[in-house]
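Quick note: the coordinates plus some simple rules give every number you see, no bench work behind them. Since the model is a prediction, treat every value here as computed from it, not as a measurement. Cβ: placed from backbone, ideal geometry, glycine included. Neighbour counts: every protein chain shown.
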Amino acid sequence: MTEIIFLVEDDPEGGYVARAMGESIFTQADSIEELREMVKDAVRCHYDDEANRPKIIRLHIVHDEVIAS
């Protein structure tokens, strides 16, 4: 595996949650900058063997916005 994709969404309680597509990796953080570090750490922990660790981490950020008319 050369790439892993995380779906990033707003957390209803504040901040962000991220979950890996196709893997059991979940993390959360208060800011996008902090989330980037948490995701990298979660991937390192999930893949003990560096040779099998994805080389690219992609964040797919979904942001819902409500506009009153």
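Quick notes on this structure:
- Among the listed values (1) 52, 19, 18; (2) 33, 28, 15; (3) 30, 29, 19, the one matching Cα extents along the principal axes in Å as calculated from this structure is (1).
- Sorted by Cβ neighbour density within 10 Å, fewest at the top, the residues Arg19, Arg44: Arg44, Arg19
- Residue-wise HN-Hα coupling along region 55-65, computed from phi with Karplus coefficients 6.51, -1.76, 1.60 (Hz; x: Gly, Pro): 7, 10, 10, 10, 9, 9, 8, 10, 10, 8, 10
- Coupling constants for region 29-45 follow from the phi torsions by the Karplus curve (6.51 cos²θ - 1.76 cosθ + 1.60, θ = phi - 60°), and in residue order they are 7, 7, 9, 5, 4, 5, 4, 4, 5, 5, 5, 4, 5, 4, 5, 4, 5 Hz; glycine and proline get x.
- Near Ile25, the amide H atoms lying under 5 Å from its own belong to Ala20; only residues 5 or more places off or on other chains count, and H is placed 1.01 Å from N.
- Ellipticity estimate at 222 nm from DSSP helix runs (n ≥ 4, -39,500 (n - 2.57)) divided over the chain, nearest 500: -7000 deg cm²/dmol
- Between region 1-37 and region 41-69, the alpha-carbon centres lie 5 Å apart.
- Segment His46..Val66, full-extension length gain: 3.6 nm, with 0.36 nm per residue of separation and the alpha-carbon distance subtracted.
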